[in-house]
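This structure is in structure tokens; I'll ask about it shortly.
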Amino acid sequence: MSEINLPAAAEPVDSIGLKALGAAAAVGLLLAAPFLASEYWINAIIVPFLILSLAGLGLNLLTGYAGQLSLGAGAFMMVGAYATFSLQLRVPDLPLPLALVVAGLIAGAVGLAFGIPSTRIKGFYLIVSTLAAQFFFEWLFLKFPWFYNGNSSATIALSRGLSFFGLEANGPHGRYYLTLGIVALLTLLSLNLIRGQTGRNWMAIRDMDTAAAVIGVPVFRAKLQAFAVSSFILGIAGALWAFAYLGSASVQSFGLTRSYQILFIIIIGGLGTIRGAYLGAAFVSLLPLALDWLFQHLFSGHVDAGLLQNIQKAIFGILIIWFLIKEPEGLARLLGLRRAQGARRRLFPS
Amino acid sequence: MNMFLETLLGGLLAGTMYSLVAIGFVLIYKASGVFNYAQGSLLLFAALTFVALTDQGVPALGAIVITIALLVLTAIAIEKLLLRPLTNRSPMTLFMATLGLSYLVEGVAQGIMGSQVRALDLGIEDLPIFVGDIMISQFDLIAAGVALAIVVVLSLLFNRTRIGIQLRGVADDTRAALSLGIDINRIWQIVWAVAGLVGLVAGLLWGARQGVQFSLSLVVLKALPVLIIGGFTSIPGAIVGGLIVGAGESLAETYIGPYLGGGITPWFAYALALVFLFIRPAGLFGERQIERV
């Protein structure tokens, strides 16, 4: 029934040379981006794009690689953001990067807890667990003032801003480099996880967990690992979303809509691919801008904002259906960027 | 004791409203194996169409007929443009497609008919009735009666009509049904249309309760724990699940809520569903999956 994932064949030498050149160019471009793009682009498009990619990456490990459907990505982002806030407020000695890591670990632990049902519940029944997380944390962080330090608007913001080790990361450039650094690190971590035994276990479980158990994959442990690692990344993405992009966040910043947005990113980008998260996030952040621009030019402001929002929503829905019909493996496949073109991978074999 | 009974009864009656939404899900899941997330949006679409038409001065009966016609057309379009191209894809892909469908339906419905809150008057007054010392809402009682009527009609449809038998055949074994010459595409259209009708009824009742607006589509989130508890494949399960969730929610809000600062209804049903799932992983009445390698 399910195909075996063969390791990609060794690549010819000249393609490696080309790749290295391409990678060097990409790195150069990424580092120089703040000096090429306007401040508006960095603040309003590039930084959120990077953070959404990171969140997509986190969810993709769980849903795309380990095959566990989650509708609670927003909840784990929320936990990361609120944990960072609490740590910065109550443990002022902890430098920001460490606070982020600890917040990620807290989100990971929460993810693990909500992943426990996955060992007994399968398929659609599992969404109840992540949805429970979504609604529980929305309630928790709003209900108890301790979590937002009794702030009258129930929002969280870092009083000392984004500074650590004597560095200031509050300007657009600082935020950009901070985000870029974290995203790059976590992408590397994910790539290594996927290529190692952990990733192979996850994919075996995604393809058919009973079969995986039969051949000796530790299903229970691997599923929990997937929940923990995914939530760790989502937690850090949430903290960045709150403090590096929004500045001040509330429960609404991580509502159910956010969870769906992250899910759409990985559907459109490509489930079970690392670069899919980036492509999907680019698509999701650029589509509204493109539609805005288009409507500005077509109707020059005759269409009111509410209608525009609904049209966007409808177009979004059509695109999702279209993607699932035409290219279930997402943009990653569509752009012909897939690594192992011979080794076809299946998303969710029945 | 009276307060306990009153809370329990109120909860049970509210639960039948959840069941109504859940039944639409079960119908589609049974016949086409699709976990239809868009049921909430279809419900919103139905209620919104009805209210928009009556606001335009169309008499209620005419509005109902037009709405039903639109729902049938929608069902046919969904079958042709969504289900057919996605035949034989994994259930997960189909689920995600219905997520997309819910965006499309919501966007179109609100784009055409506006996103303001519209009042819906069904002519049922929400007067309290007293049975002994216990107060019951008349509206809830009627809603429960409607739910009951729908279940009776559906079971007659399933057991006594030719179409119903075909539907059960498809639900039981799609391949065997196909080989017997059952037109599965038509069955899908019928099921989606029937689910749309159930959605219309649920939408009108919920709409009369809380006004017809976007948040109406969120009742789908109320119906999920109901489905999980009852099992995806069972209409009696949807009813029992609805009653459990309704009663559980209102009892928890009254008796546990105060200790937690209140407002626990949004997540309580999910916690309850998780507890049930740990005991029965396929819901109370769901079909247990047998896995083969």
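Please report, ordered by residue number, the helices (runs of 4 or more DSSP H) entirely within the stretch A:166-266 with at least 3 residues that are in contact with a helix residue (DSSP H, G or I) (Cβ under 9 Å, 6 or more places away or on another chain) and closer than 23 Å to A:TYR278 by Cβ.
A:172-195, A:197-207, A:219-240
State all residues of the stretch A:90-100 that are surrounded by 15 or more Cβ atoms within 10 Å (Cβ to Cβ) and either within 22 Å of the chain's Cα centre (by Cα) or assigned to a helix (DSSP H, G or I) (or both); if no residue qualifies, say none.
A:LEU96, A:ALA99, A:LEU100
Looking at the stretch B:179-195, is at least one residue within 14 Å of chain A (Cβ to nearest Cβ) and either of a type in the set (Lys, Arg) or closer than 22 Å to B:SER137 by Cα (or both)?
Checked the stretch B:179-195: no residue is within 14 Å of chain A (Cβ to nearest Cβ) and either of a type in the set (Lys, Arg) or closer than 22 Å to B:SER137 by Cα (or both).
Which of the residues spanning the stretch B:86-112 are more than 18 Å from B:TYR37 (Cα to Cα) and either surrounded by fewer than 18 Cβ atoms within 10 Å (Cβ to Cβ) or touching a Ser or Thr at 6+ places or on another chain (Cβ under 9 Å) (or both)?
The answer is B:ASN88, B:ILE112.
Only one of B:SER155, B:SER115 is of a type in the set (Ser, Thr, Tyr) and either within 14 Å of chain A (Cβ to nearest Cβ) or crowded, with 20+ Cβ neighbours inside 10 Å (or both); which? First the steps, then the outcome.
Details: B:SER155 fails: either within 14 Å of chain A (Cβ to nearest Cβ) or crowded, with 20+ Cβ neighbours inside 10 Å (or both).
One residue alone meets the criteria, B:SER115.
Being modelled with pLDDT under 80 and farther than 15 Å from A:GLN312 by Cβ is the filter here; which residues of the stretch B:97-116 pass it?
B:GLY114, B:GLN116, listed by residue number.
Can I ask one more? Kindly indicate which of B:ASP133, B:ASP140 is surrounded by 14 or more Cβ atoms within 10 Å (Cβ to Cβ), more than 7 Å from chain A (Cβ to nearest Cβ) and farther than 27 Å from A:GLN309 by Cα.
Of the residues listed, the single one that is surrounded by 14 or more Cβ atoms within 10 Å (Cβ to Cβ), more than 7 Å from chain A (Cβ to nearest Cβ) and farther than 27 Å from A:GLN309 by Cα is B:ASP140.
Out of all the residues in the stretch B:158-181, which are assigned to a helix (DSSP H, G or I), of a type outside the set (Lys, Arg), surrounded by fewer than 16 Cβ atoms within 10 Å (Cβ to Cβ) and over 24 Å from the mean Cα position of the chain (by Cα)?
Scanning the stretch B:158-181 gives B:ALA176, B:LEU178, B:SER179.
Take the residues in the stretch A:267-286 that are hydroxyl-bearing (Ser, Thr, Tyr) and part of a helix (DSSP H, G or I), then tell me which one is modelled with the lowest pLDDT.
So the residue we want is A:SER285.
Determine whether the stretch B:205-213 contains at least one residue that is modelled with pLDDT of 85 or more, away from chain A (no Cβ under 14 Å), crowded, with 17+ Cβ neighbours inside 10 Å and more than 21 Å from B:GLY114 (Cβ to Cβ).
Yes, there is a match, as at least one residue in the stretch B:205-213 is modelled with pLDDT of 85 or more, away from chain A (no Cβ under 14 Å), crowded, with 17+ Cβ neighbours inside 10 Å and more than 21 Å from B:GLY114 (Cβ to Cβ).
Given the condition within 15 Å of the chain's Cα centre (by Cα) and of a type in the set (S, T, N, Q), answer yes or no: does some residue in the stretch B:241-261 qualify?
Residues of the stretch B:241-261 within 15 Å of the chain's Cα centre (by Cα): B:241-243, B:245-246.
Keeping just the survivors that are of a type in the set (S, T, N, Q) gives none.
No - not one qualifying residue is present in the stretch B:241-261.
Taking the stretch A:175-191 only, how many residues are surrounded by fewer than 20 Cβ atoms within 10 Å (Cβ to Cβ) and more than 17 Å from the chain's Cα centre (by Cα)?
1
So B:THR54 clears everything in (1) hydroxyl-bearing (Ser, Thr, Tyr); (2) surrounded by 21 or more Cβ atoms within 10 Å (Cβ to Cβ); (3) part of a helix (DSSP H, G or I) except one condition, right? Which one?
So B:THR54 meets the others, but not (2).
Taking B:LEU81 as meeting all but one of (1) buried (at least 17 other Cβ atoms within 10 Å of the Cβ); (2) modelled with pLDDT of 90 or more; (3) not β-branched (Val, Ile, Thr), write down the number of the exception.
Checking B:LEU81 against (1) buried (at least 17 other Cβ atoms within 10 Å of the Cβ); (2) modelled with pLDDT of 90 or more; (3) not β-branched (Val, Ile, Thr), the one that fails is (1).
Which one is nearest to A:ILE194 (Cα to Cα) among residues in the stretch A:211-247 that are among the small types (Gly, Ala, Ser) and within 14 Å of chain B (Cβ to nearest Cβ)?
Taking the candidates together, the pick is A:ALA212.
Suppose we filter the stretch A:143-159 for residues that are within 26 Å of the chain's Cα centre (by Cα), part of a loop (DSSP other than H, G, I, E, B), more than 14 Å from chain B (Cβ to nearest Cβ) and not polar (S, T, N, Q); how many remain?
Count: 1.
For the stretch A:160-174, enumerate the residues that are loosely packed, with under 15 Cβ neighbours inside 10 Å and either within 14 Å of chain B (Cβ to nearest Cβ) or hydrophobic (A, V, I, L, M, F, W, C) (or both).
Across the stretch A:160-174, the qualifying residues are A:PHE165, A:LEU167.
With assigned to a loop (DSSP other than H, G, I, E, B) and either facing chain A (nearest Cβ under 8 Å) or out of contact with any Pro (no Cβ under 6 Å at 6 or more places or on another chain) (or both) as the only criterion, which of B:ILE290, B:ILE239, B:ILE229, B:ILE244 stands out?
Numbers: B:ILE239 fails: assigned to a loop (DSSP other than H, G, I, E, B); B:ILE229 fails: assigned to a loop (DSSP other than H, G, I, E, B); B:ILE244 fails: assigned to a loop (DSSP other than H, G, I, E, B).
Result of the check over B:ILE290, B:ILE239, B:ILE229, B:ILE244: B:ILE290.
Just name the residue that is farthest from the other protein chains (Cβ to nearest Cβ) out of those in the stretch B:247-287 that are polar (S, T, N, Q) and surrounded by fewer than 21 Cβ atoms within 10 Å (Cβ to Cβ).
The selected residue is B:THR254.
Something else now. Might you check whether a residue that is in a helix (DSSP H, G or I), over 23 Å from B:LEU243 (Cα atoms) and more than 23 Å from the chain's Cα centre (by Cα) occurs anywhere in the stretch B:189-197?
no
Give A:ALA113, A:ALA107, A:ALA83 a once-over and let me know the one that is more than 9 Å from chain B (Cβ to nearest Cβ) and either within 15 Å of B:ALA271 (Cα to Cα) or not in a helix (DSSP H, G or I) (or both). Spell out how you get there, then give the answer.
Working: A:ALA107 fails: either within 15 Å of B:ALA271 (Cα to Cα) or not in a helix (DSSP H, G or I) (or both); A:ALA83 fails: either within 15 Å of B:ALA271 (Cα to Cα) or not in a helix (DSSP H, G or I) (or both).
Only one candidate qualifies: A:ALA113.
The values are calculated or read from the model by the stated rules, or taken from the named source; none is laboratory data. Just so it is clear, the structure is predicted and the values come from calculations on it, not from any experiment. No Cβ is skipped: glycine too gets one built from the backbone with ideal geometry, and neighbour counts run over all protein chains shown.
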